[in-house]
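The values are calculated or read from the model by the stated rules, or taken from the named source; none is laboratory data. Everything quoted here is computed from the prediction, not taken from an experiment. Counting neighbours? That spans all protein chains shown, and the Cβs are built from the backbone with ideal geometry, glycine included. Please note that ligands, DNA and RNA were not included when accessible areas were found on the heavy atoms of the full protein model with its side chains. Shrake-Rupley method; radii C 1.70, N 1.55, O 1.52, S 1.80 Å.
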Amino acid sequence: MVGMTGKKTPAETGAARQEEAPPLPRRFGLTANGYGSLSRQFPSTPRGARLARRTVVRQLGYWGFGPMTDASCSVALVVAELAANAVCHGRLRGRNFHVRVDYEGPASRFRIEVSDAVLGRTPEQATLAPEDEESGRGLFLVECLATKWGWEPRNPIGKIVWAEVAAGLPDGGGEEHG
């Protein structure tokens, strides 16, 4: 009940607390309602692609997804494949590639975006390469791990290749920060 002062009475405040869902465990970089975002540029080199994967795995650890969890392994593989494609097929001299990973706790998913500077070389349908080929399996792996994936032009230049990976809530055993 609200009194003349506009403040809730203790009984009403307690009832309202019981109806609200308990907050998610607070992790470094996650909001109180379970969202997190990482956005960073990397050099368009093989070393930059490795650094992107390692950076994402480290951030997922801060969010409560240890490096050996299914979610972390799936996201790491998707980032590795999309970053490798950005380096191999989307490299433009003097331009970096960009990685963005969003964790949407209430939706139980990660959205991964890798941007590069070349629009002319767009991803094709994911197919499994012949056994004697050394490459050509990256998008097939992305398609296997992602609930959906695609690409879109990036303004003013280049393209964004994105994928969504299902994930549960962070585990309780992750590092606590904050």
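Here are the numbers:
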read-out: Which numbered condition G94 misses (of (1) open to solvent by less than 60 Å² (accessible area, probe 1.4 Å); (2) more than 17 Å from the chain's Cα centre (by Cα)); value: (1)
read-out: Contacts under 8 angstrom Cβ, first residue in segment 126-150 being farther than 19 Å from A86 by Cα, partner open to solvent by 70 Å² or more (accessible area, probe 1.4 Å) and at pLDDT 90 or above, 6 or more apart; value: T147/R109
read-out: Of all residues making up segment 89-120, the number that are under 20 Å from T55 (Cα atoms), touching a Lys or Arg at 6+ places or on another chain (Cβ under 9 Å) and of a type outside the set (S, T, Y); value: 12
read-out: Unmet criterion (only one of (1) in contact (Cβ under 8 Å) with a residue 60 or more places away in the chain; (2) assigned to a helix (DSSP H, G or I)) for S37; value: (2)
read-out: Count of segment 83-101 residues which are in a helix (DSSP H, G or I) and out of contact with any helix residue (DSSP H, G or I) (no Cβ under 7 Å at 6 or more places or on another chain); value: 3
read-out: Qualifying residues in segment 35-79 (those that are over 14 Å from the mean Cα position of the chain (by Cα) and surrounded by 18 or more Cβ atoms within 10 Å (Cβ to Cβ)) - the one farthest from R95 (Cα to Cα); value: T69
read-out: Test for G48: is it of a type in the set (G, A, S), in contact with a strand residue (DSSP E or B) (Cβ under 6 Å, 6 or more places away or on another chain) and outside any strand (DSSP E or B); value: yes
read-out: Any chance T31 is of a type in the set (S, T, N, Q) and modelled with pLDDT under 55; value: no
read-out: Some residue of segment 102-116 being more than 16 Å from A166 (Cα to Cα), part of a helix (DSSP H, G or I) and among the acidic types (D, E); value: no
